[in-house]
1. Per-residue ellipticity at 222 nm for the chain, helices alone: DSSP H runs ≥ 4 residues times -39500 (n - 2.57), over residue total, nearest 500 deg cm²/dmol?
2. Could you do me a favour and compute the accessible area per residue for the chain, 1.4 Å probe, result in Å²?
3. With springs only between Cα atoms under 10 Å apart, run a GNM on the chain and tell me which of A171, A46, A144 wobbles the most.
4. For the chain, report the convex hull volume of the alpha-carbon atoms normalised per residue, in Å³, without decimals.
5. Please go through the residue pairs K3/K216; K22/K173; K3/K139; K139/K226 and name each one whose alpha carbons sit more than 23 Å apart in this structure.
6. Looking at segment 138-197 from every direction and averaging, what is the projected area of its Cα convex hull in nm²?
7. What whole-number distance in Å separates the alpha-carbon centres of segment 173-229 and segment 1-53?
8. Output wanted: per-residue J couplings in Hz (rounded whole) for segment 31-36, from phi through Karplus 6.51 cos²θ - 1.76 cosθ + 1.60, θ = phi - 60°, x for Gly and Pro.
Amino acid sequence: MNKAVLVFSGGQDSTTCLIRAKETFDEIHCITFDYGQRHRQEIEIAQQIAKALHVTSHKVMDVSLLNELAISSLTRDNIPVKHELDSNGLPNSFVPGRNILFLTLAGIYAYQLNASTIITGVCETDFSGYPDCRNEFVKEMNRAINSGMDSFIHIETPLMWLNKAETWALADKYGQLDFVVNQTLTCYNGIIGSGCGDCPACHLREKGLTEYLNNKGAIQAALNQKLTD
């Protein structure tokens, strides 16, 4: 039985990964982390999408200890999300240690389920400047998980080298563009679909969608080439 654990937020990226995974895996076990995030609606949206797309199971895990330790505009309501970078060169929406924790727990879950694959929607090509979305980081985490559990789990990152326009093209490739446009939650202010239109996440999402809709043929061709390489 081909099983995967998917780190699932209910946003554009993880939902697109889920849609793609349904074509490949016999069982998909989604895991959503409740860390006291600013846009808590994402947990409800993740539950709705997991149900609509008929995943094998969906676990919501309480990891609120992260909120106690990691100070970020996504963990503190009194810190506004900024467009400019902080003095350390990172967005103030960066949650330190988030993907370290998420992938570690997903690894434990995969081990218990005897799943060979962890899927995460992180991306280095067109991302928000988070260091824990880089390919180098994912490879290091993969080595640590397998070393620490003497396992052979593979962390799969389907979007790692896709830009946002190509991620929209991937959803369209599987006939789910409208679903991802209307049912996912990417907005840092917790507004489904097109979002608030002002936060950095909304700007990145809308820019990619506009680019895709204005140049579908070329972007689909670029996507197909990357999927073939």
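1. Working: 9 runs with 103 residues, N = 229.
After summing the helix terms and dividing by residue count, I get -14000 deg cm²/dmol.
2. Values: 10840 Å² over 229 residues.
Computed with neighbouring chains in place, this is 47 Å² per residue.
3. With Cα springs under 10 Å in the chain, the top fluctuation among A171, A46, A144 is at A144.
4. Per residue, the Cα convex hull of the chain comes to 122 Å³.
5. Over 23 Å Cα-Cα: K3/K216.
6. Details: hull surface 23.7 nm².
Projected area, direction-averaged: 5.9 nm².
7. If you average the Cα positions of each part, the centres end up 17 Å apart.
8. Once rounded to whole Hz, the list reads 10, 10, 9, 9, 10, x.
The values are calculated or read from the model by the stated rules, or taken from the named source; none is laboratory data. All values reported here derive from a predicted model rather than from experimental measurement. Counting neighbours? That spans all protein chains shown, and the Cβs are built from the backbone with ideal geometry, glycine included. We work out accessible area using only protein heavy atoms, side chains counted, and drop any ligands, DNA or RNA first. Shrake-Rupley method; radii C 1.70, N 1.55, O 1.52, S 1.80 Å.
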